[in-house]
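Notes to accompany the following structure.
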Amino acid sequence: MIKFIRLDERLIHGQIAIKWSRHTGVDRIVVINDEAAGNEMIKKSLMMAAPSTCKVAIKDVKAGVKILNDPRCSKLKILVIVSLINDLKTVLDSVHDIPYVNVGNYGRLAPKKEGKQRSRYGAHLYLYDEEVVELKAISDSGMECNYQTTPEDISEKLSHVLKI
């Protein structure tokens with residue numbers, strides 16, 4: 001079963017390996033990112049950062065969706081991580097039984113648009129206006145969405161953080 005999906009541009013890092021994996025009790029982490037899936041150096045780095053208590057799969061969006069829709073996943077405890085809002089939307093549109101969306105770190109490393117600057121919405125959340133609209137659409141879909149960097153932080157409704 002999928003415990004939750006997290007938007008985090010850093011994919012697997014200390015907060016995931018140490019805090020979120022323990023807090024949620026997951027035994028699997030599925031990273032869904034086309035670039036990471038196609039780059040052996042990135043894959044190796046992510047595997048090194050992963051907790052030893054979890055099996056990790058790093059897949060492109062199409063393969064990640066296929067894995068998450070496999071009935072055998074219902075017996076597992078899975079944390080899904082995406083680094084792009086478009087990938088988040090694709091997974092949410094294609095995979096059922098995702099209980100909620102957690103937005104963590106986004107916007108400082110994400111692809112930049114020339115001549116534009118992101119606005120700050122949280123300590124670790126920076127968005128362009130069109131990204132706010134995209135996240136608002138996800139929040140308005142009825143999916144529970146929160147902003148929370150670490151389990152120790154207070155979980156806030158994404159709509160409240162985005163002031164929408």
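Can you list the aspartates and glutamates whose alpha carbon is less than 14 Å from that of K157, not counting same-chain residues fewer than 8 positions off?
By straight Cα distance, K157 reaches D140, E144.
Indicate the gyration tensor shape class of region 30-99 (rounded, prolate or oblate), computed on the Cα atoms with a ≥ b ≥ c the square roots of the eigenvalues: a/c under 1.5 is rounded; otherwise a/b larger than b/c is prolate and the rest oblate. Intermediate results must be reported in sequence, preceding the final value.
Working: a/c = 1.99, a/b = 1.24, b/c = 1.61.
Taking the square roots of the gyration eigenvalues as a ≥ b ≥ c, region 30-99 is oblate.
At 0.36 nm per residue, and after removing the present C-alpha to C-alpha distance, how many nm does the segment from R108 to I18 gain when stretched out fully?
Result: 30.2 nm gained on full extension.
Evaluate the Debye formula for region 2-161 with equal point scatterers sitting on the alpha carbons, no solvent, and hand back log10 of I(q)/I(0) at q = 0.08, 0.12, 0.14, 0.19 Å⁻¹, in q order, two decimals.
-0.21, -0.48, -0.66, -1.28
Just add up the charged neighbours of F4: K/R +1, D/E -1, any other residue whose Cβ is under 13 Å from the Cβ of F4.
For residues surrounding F4, the net value is +1.
Looking at region 18-143, what % of its DSSP beta bridges pair antiparallel, to the nearest 5?
Numbers: 3 of 14 bridges.
Roughly 20 percent of the DSSP beta bridges within region 18-143 come out antiparallel.
For the chain, what does -39500 (n - 2.57) per DSSP helix run (n ≥ 4), summed and divided by total residues, give at 222 nm, in deg cm²/dmol to the nearest 500?
For the chain, the value works out to -8000 deg cm²/dmol.
Every read-out reported here was derived from the displayed coordinates using simple, explicitly stated rules and does not represent laboratory data. What you see is a predicted model, and the numbers here were worked out from it, not measured in a lab. Here the Cβ is made from the backbone with ideal geometry for all residues, glycine too, and neighbour counts use every protein chain on show.
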